[in-house]
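Reviewing the structure listed below.
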Amino acid sequence: SFLVWVRASCLQFVFVKPAAAFLRWWAYNNETGATLARIEMLVYVANNASVSLALYSLMIFYLATKKILEPFRPFLKFAVVKMVIFFSFWQGVALAVAIKLGLLKDIEGFSAKEQATGLQDLLICVEMVVAAVCHYFIFSWREYSPDASDLPSERRPLLRNLADVVDIR
């Protein structure tokens, strides 16, 4: 029953997120003013509660399987993947607050919202470089190889390696 709870707690996000997106789309097309603001707040709270439950259940699962999974360093893998999501979400919140506070203003040719979108895209690009470096070290193939000594020591030409990747035999 523990695994069923963890699975359900994680998968509920798969249903909540699209339902919230649909509700938001419907509200933009059918509602205005205070009702739209209430629906926006409802969607925001529902998404945050859903993400929080999913992360909580994953953390409980990790704590329950910590000893079994220890050789594979699951916490670092989990942390690296979730940090990308965490930073993306909170920088979006920070940029929305900056617009509300008037820190980002419309300038010639660009609205404050367009500037925030561009800034968030730039920040995500920088974060992806950092995430790629982290992934190189944390998701190493070596921990899954039973014996790295049986691998060929010579370097092969890049095109031959690429041919092996796309070979369907």
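Run the accessible area of the range 25-80 with a 1.4 Å probe and give the carbon-and-sulfur part as a rounded percent.
On the way: 2750 of 3820 Å².
That fraction is 72 percent.
Just tell me, in residue order, which DSSP H segments of the chain are both 20 angstrom or longer along the helix axis (alpha-carbon based) and at least 0.0 in mean Kyte-Doolittle hydropathy.
Numbers: long enough: 2-30 (41 Å, 0.73); 33-69 (53 Å, 1.06); 74-100 (39 Å, 1.55); 112-138 (38 Å, 1.00).
Within the chain the helices that satisfy the rule are 2-30, 33-69, 74-100, 112-138.
Tell me the per residue accessible area of the range 4-58 using a 1.4 Å probe; a whole number in Å² is fine. Kindly include the intermediate steps, with their values, before the conclusion.
On the way: 3750 Å² over 55 residues.
I get 68 Å² per residue for the range 4-58.
Once the mean 1/r over all distinct Cα pairs of the chain is inverted, what Kirkwood radius in angstroms do you read off?
Numbers: mean 1/r = 0.0491 Å⁻¹.
Hydrodynamic radius (Kirkwood, Cα only) of the chain equals 20.4 Å.
Counting other Cβ atoms within 10 Å, which trypsin sites (Lys or Arg not before Pro) in the range 1-108 have at most 14 and lie in a DSSP loop? The partial results should precede the final answer.
Values: sites: Arg7, Arg24, Arg38, Lys66, Lys67, Lys77, Lys82, Lys100, Lys105; in loops: Lys105.
Those satisfying the criteria are Lys105.
Return the lysines within reach of Lys67: Cα separation strictly under 27 angstrom, same-chain partners fewer than 8 residues apart disregarded; answer none if there are no such residues.
Hits, sequence-local ones excluded: Lys77, Lys82.
Would you mind checking the range 1-21 for residues with the amide N under 16 Å from a putative spin-label position 7 Å along Cα→C-beta of Leu58?
6-17
Quick check: pseudo-label points 7 Å beyond the Cα along Cα→Cβ at Asp121 and Gln12, how many nm apart are they?
The two pseudo-label positions are separated by 3.6 nm.
Net charge around Asp106, counting only other residues with Cβ within less than 15 Å of its Cβ (Lys, Arg = +1; Asp, Glu = -1)?
On the way: positive: Lys100, Lys105, Lys113; negative: Glu108, Glu114.
Local charge sum for Asp106: +1.
The values are calculated or read from the model by the stated rules, or taken from the named source; none is laboratory data. Predicted, not measured: the structure shown is a model, and the values here were computed from it. Glycine also receives a Cβ, built like all others from the backbone with ideal geometry; neighbour counts cover every protein chain displayed. These area figures cover heavy atoms from the full protein model, side chains too; ligands, DNA and RNA do not enter into them. Shrake-Rupley method; radii C 1.70, N 1.55, O 1.52, S 1.80 Å.
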